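See below for the structure under consideration.
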Ligand SMILES: Cc1ncc(C[n+]2csc(CCOP(=O)(O)OP(=O)(O)O)c2C)c(N)n1
Ligand SMILES: [Mg+2]
């Protein structure tokens with residue numbers, strides 16, 4: 001059965017606030033602070049390669065990470081810093097990866113968003129969009145085979161990445177294998193510079209849930225309350241053994257595809273759409289309106305976030321970078337089977 | 001008793017399933033009472049319930065799923081229905097499995113079985129030999145067993161290896177090759193075998209082409225030349241030392257492979273000998289490959305497209321005359 005939660009008009013003034021609302025806000029704040037610093041370092045020429053931020057997507061992403069527990073699998077994508085942090089990725093590992101630290105998780109071998117800690121259930125995405133969906137399926141099958149209980153997998157995808165064959169194969173096989181998977185698809189209305197009308201022609205991406213044998217939901221990704229509510233529910237339903245879950249969230253990407261991109265192709269009209277609201281500002285306004293935290297507390301949180309970001313970068317900066325002469329240049333773990341080529 | 005190459009593959013999988021709880025087989029039509037397009041998993045689904053699983057026609061997702069399971073400690077064997085269809089899974093194999101250990105320090109112990117190579121009437125899309133393509137990419141081990149014994153022991157080795165293994169099993173050998181029994185001993189992975197000793201020319205080959213090369217050597221023996229034939233067994237790693245040692249004995253080299261001619265295993269063998277053993281050569285090295293066209297359907301065309309013992313012998317005579 002397709003379960004579609006239509007976006008609510010507006011959070012009810014007196015509706016109870018999600019118990020994770022403030023915690024989520026703090027991860028969002030940390031992410032925004034971190035990524036602003038990262039972007040400024042990029043502009044200063046201090047980051048090699050690209051920088052990809054999740055500006056405007058923090059509410060969706062934090063909801064992806066915040067309900068996950070030890071034993072769960074998370075396969076994040078480009079704009080998932082908030083979710084990665086909420087699921088336990090140390091901020092210093094992000095700084096290390098962007099700076100190419102030899103002691104970081106990727107040791108200068110891979111960079112930016114292409115990082116993870118597979119042994120901790122945080123998969124290291126490859127660039128090829130959609131490729132991680134089936135990988136999560138396999139991990140979940142193995143866990144089930146071992147008799148583990150109460151675990152789920154969650155993976156993120158953009159509306160652009162949703163159009164790849166890999167995503168299609170991955171979602172289909174997830175439903176065939178009936179694994180506890182949640183796919184959170186964010187329609188931020190662009191894939192790089194390409195708007196929705198050149199990406200897909202179906203009326204609504206959530207309709208695909210029915211086609212795959214998923215349960216599907218939609219949400220307004222600018223509203224943290226909805227993100228927590230809908231994604232939290234999808235996670236619960238997956239844990240309870242329901243079919244795989246598809247959540248389609250709507251927002252506008254509030255930055256370039258990467259920091260190299262001035263996103264001048266984003267039209268003025270679309271910037272006025274309700275989905276173009278900045279989720280972080282909206283969340284902060286809600287906190288003030290409902291007096292969930294006072295001004296001094298908000299200020300303290302901001303300072304703490306800035307300090308944490310500062311610490312992450314300064315620690316990573318002190319670490320050694322890799323050295324081509326000292327690398328072992330060996331792509332397999334079975335050392336005695338290395339192909340010795342002169 | 002006699003056992004075919006194909007039966008050896010089935011027996012290896014039965015043993016793996018029996019001995020190792022982490023092993024499961026994932027592929028199209030492998031399960032149920034059917035047991036695979038070539039019957040390489042016949043009866044296994046019944047003997048090992050829940051561990052020989054049919055998949056949708058989703059090569060990308062089949063390998064992706066295997067990667068995820070391997071990350072969680074399993075030892076999946078993916079059966080491609082034909083090697084040719086593994087092109088759909090190239091991304092998962094090359095970019096995901098092949099890069100994973102390098103990137104994250106966590107290896108991906110999956111085995112991908114590729115029913116490879118040409119047979120009569122199979123045409124462009126059911127005949128390909130993809131070992132050269134897989135060997136080109138870092139992070140993979142590529143096996144090309146040419147004997148019943150190797151088909152058995154190398155598949156068991158493939159699953160034991162912590163890294164992704166592309167296991168190229170040759171369809172032409174499935175029923176043609178027979179052995180008296182399954183072997184008790186095994187050669188180490190990555191080591192080539194001298195399939196025939198000789199002193200006048202070294203032919204380096206693997207998989208089905210080993211047998212064409214051996215026939216060519218047999219033919220030429222009648223003319224008074226002794227050809228040494230090296231079976232590479234794995235094309236990656238490539239046992240350069242064994243090849244060089246053979247060329248040191250013979251002074252002449254012919255490399256024979258069934259994949260397309262541009263680049264590939266035979267080019268690699270010649271490049272290595274030319275760079276590391278130039279002084280050993282008494283004549284220019286040569287190679288024989290399939291032709292640089294898609295693989296034809298009609299047997300008359302196919303038998304010319306594919307390297308045959310006749311073409312190999314002709315090339316060998318030419319090198320021997322130099
Ligand atoms: C298979 C594949 N093709 C192309 C790319 C290059 N690329 C990287 S991100 C991107 C746009 C992705 O759009 P979307 O999935 O909507 O995610 P968003 O960037 O909007 O978060 C493209 C084309 C890629 N990573 N993978
Ligand atoms: Mg997008």
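Calculate the all-directions average of the projected area of chain A's alpha-carbon convex hull, and give it in nm².
Working: hull surface 78.2 nm².
Hull-based average projected area comes out at 19.6 nm².
May I ask for the angle, rounded to the nearest 10°, between helix B:309-321 and the longest principal axis of chain B, with both axes built from Cα atoms and the value confined to 0 to 90°?
Tilt of helix B:309-321: around 40 degrees.
How much FRET efficiency would the formula 1/(1 + (r/R0)^6) give for residue B:274 and residue A:69, where r is the Cβ-Cβ distance and R0 is 60 Å, rounded to 0.05? Walk me through the intermediate numbers first.
On the way: r = 58 Å, r/R0 = 0.96.
Given R0 = 60 Å and the Cβ-Cβ separation, E is 0.55.
How big is the stretch A:102-195 along each principal axis, measuring the range of its Cα positions in Å and listing the largest first?
The Cα atoms of the stretch A:102-195 stretch 44, 37, 18 Å along their principal axes.
P(r) for the stretch B:89-134: what percent of alpha-carbon pairs falls in each 10 Å bin, starting at zero?
23, 41, 24, 10, 2
Would the stretch A:148-228 count as rounded, prolate or oblate if I go by the C-alpha gyration tensor, calling it rounded below 1.5 in a/c and otherwise prolate when a/b exceeds b/c, oblate otherwise? Mind showing how you got there, number by number?
Details: a/c = 1.96, a/b = 1.33, b/c = 1.48.
Oblate is the answer for the stretch A:148-228, as a/c is 1.5 or above yet b/c matches or exceeds a/b.
Report the Rg/Rh value for the stretch A:12-139, based on alpha-carbon coordinates and the Kirkwood definition of Rh. Provide the component values of the computation, followed by the final result.
On the way: Rg = 15.1 Å, Rh = 15.2 Å.
Result: Rg/Rh = 0.99.
Take the Cα coordinates of the stretch B:35-117, assign each an equal point scatterer, and use the Debye formula without solvent to give log10 I(q)/I(0) at q = 0.15, 0.16 Å⁻¹.
-0.55, -0.62
Compute the separation of the alpha-carbon centres of the stretch A:67-119 and the stretch A:154-210 and state it in Å as a whole number.
23
D for the stretch A:258-329, whole µm²/s, Stokes-Einstein with Kirkwood Rh over alpha-carbon pairs at 25 °C and 0.890 mPa s: what number? Intermediate results must be reported in sequence, preceding the final value.
Numbers: Rh = 16.9 Å.
Answer from the Stokes-Einstein relation: 145 µm²/s.
Once a ≥ b ≥ c are taken as the square roots of the eigenvalues of the Cα gyration tensor of the protein assembly as shown, is the result rounded (a/c under 1.5), prolate (a/b larger than b/c) or oblate (a/b not larger than b/c)? Spell out each step's value before the answer.
Numbers: a/c = 2.57, a/b = 1.98, b/c = 1.30.
Judged from the Cα gyration tensor, the protein assembly as shown comes out prolate (a/c at least 1.5, a/b above b/c).
If the viscosity is 1.306 mPa s and the temperature 10 °C, what Stokes-Einstein diffusion coefficient in µm²/s follows for chain B when Rh is the Kirkwood radius over Cα pairs?
Details: Rh = 19.8 Å.
Stokes-Einstein gives a translational diffusion coefficient of 80 µm²/s.
Tell me, rounded to the nearest percent, the portion of alpha carbon pairs in the stretch A:65-135 spaced more than 18 Å apart. Each step should come with its number before you reach the end.
On the way: 816 of 2485 pairs.
So the pairs more than 18 Å apart make up 33 percent of the total in the stretch A:65-135.
Give the separation of the Cα centroids, the stretch B:182-226 to the stretch A:251-277, in Å.
If you average the Cα positions of each part, the centres end up 64 Å apart.
If you average the sequence gap of Cα pairs under 8 Å that are 6 or more apart and divide by the length of the stretch B:3-179, what percent do you get for the contact order?
Working: 374 pairs, mean separation 46.5, N = 177.
Relative contact order of the stretch B:3-179: 26 percent.
In nanometres, what is the gap between the two model label sites at residue B:125 and residue A:37, each 7 Å from Cα along Cα-to-Cβ?
My value for the distance between the label points is 5.4 nm.
Points 7 angstrom from Cα along the Cβ direction at residue B:226 and residue A:323: gap in nanometres?
Computed distance between label sites residue B:226 and residue A:323 equals 5.2 nm.
Mind checking the log10 I(q)/I(0) for the stretch A:213-340 at q = 0.12 Å⁻¹? Debye, one equal scatterer per Cα, no solvent, two decimals.
Taken in order of the listed q values, log10 I(q)/I(0) reads -0.88.
If each residue's Cβ is checked for other Cβ atoms within 10 Å, how do B:38, A:67 rank with the fewest at the top?
Working: B:38 19, A:67 24.
Sorted ascending by nearby Cβ count, the order is B:38, A:67.
Given 10 °C and 1.306 mPa s, compute D for the stretch B:3-179 with the Stokes-Einstein relation, Rh being the Kirkwood radius over Cα pairs; round to the nearest whole µm²/s. List each step's numbers first, then the result.
Values: Rh = 15.8 Å.
It diffuses with D of about 101 µm²/s by this estimate.
Considering only C-alpha atoms, what is the centroid distance from the stretch A:23-43 to the stretch B:244-310, in Å?
That distance is 57 Å.
Averaged across A:127-137, how many Cβ atoms of other chains sit within 10 Å of each residue's Cβ atom? Write down the numbers at each step before the final one.
Numbers: counts 1, 6, 0, 4, 9, 4, 5, 12, 15, 4, 6.
If you average over the peptide's residues, the count of other-chain Cβ atoms is 6.
Starting with the highest mean, order B:130-140, B:103-113, A:323-333, A:55-65 by the number of other Cβ atoms within 10 Å, averaged over the residues of each peptide. Could you put the intermediate results ahead of the total?
Numbers: B:130-140: 21.5, B:103-113: 24.5, A:323-333: 12.2, A:55-65: 30.5.
Taking the mean over residues of other Cβ atoms within 10 Å, the ranking is A:55-65, B:103-113, B:130-140, A:323-333.
Cα axis of helix B:59-71 to longest principal axis of chain B: angle in degrees, 0 to 90, nearest 10?
Between helix and principal axis, roughly 70 degrees.
Among A:294-306, A:260-272, B:207-219, what's the highest-first ranking by average C-beta atoms within 10 angstrom per residue?
On the way: A:294-306: 13.4, A:260-272: 11.5, B:207-219: 24.1.
Peptide ranking by packing, descending: B:207-219, A:294-306, A:260-272.
Could you rank the peptides B:63-75, B:246-258, A:26-38 by their average count of other C-beta atoms within 10 Å per residue, with the highest value first? Let's see the in-between values first.
Numbers: B:63-75: 26.8, B:246-258: 24.2, A:26-38: 22.5.
The peptides rank, most packed first, as B:63-75, B:246-258, A:26-38.
Given bins 5 angstrom wide, list per bin the percent of all Cα-Cα distances in the stretch A:298-342, short to long.
Computed distribution, short to long bins: 5, 16, 12, 12, 10, 9, 9, 9, 7, 6, 3, 2.
Could you calculate the contour length gain from residue A:201 to residue A:103, that is, 0.36 nm times the residue separation minus the distance between their Cα atoms, to one decimal place in nm? Present the calculation step by step, with values, prior to reporting the outcome.
Working: separation 98, 0.36 × 98 = 35.28 nm, distance 4.57 nm.
Answer, rounded to one decimal: 30.7 nm.
Please give the average number of partner chain Cβ atoms lying within 10 Å of the Cβ of each residue in B:227-240, rounded to a whole number. If you can, show how the numbers build up before the last one.
Details: counts 0, 0, 0, 0, 0, 0, 0, 2, 1, 5, 8, 3, 2, 4.
Averaged over the peptide's residues, the number is 2.
If you fit an axis through the alpha-carbon atoms of helix B:5-19 and take the longest principal axis of the Cα set of chain B, what angle between them do you get, 0 to 90°, nearest 10?
Taking Cα atoms only, the helix is inclined about 40 degrees.
For a distance above 27 Å, tell me the whole-number percent of Cα pairs in the stretch B:193-321 that qualify. Before the final figure, lay out the partial values.
On the way: 983 of 8256 pairs.
Percentage above 27 Å: 12.
For Cα pairs less than 8 Å apart in space and 6+ apart in sequence, what is the mean separation divided by the residue count of chain A, i.e. the relative contact order in percent?
23
Quick note: the coordinates plus some simple rules give every number you see, no bench work behind them. Treat the numbers as computed from the prediction; the structure is a model and nothing was measured. Every residue, glycine as well, gets a Cβ built from its backbone with ideal geometry; the counts of neighbours run over all protein chains shown.
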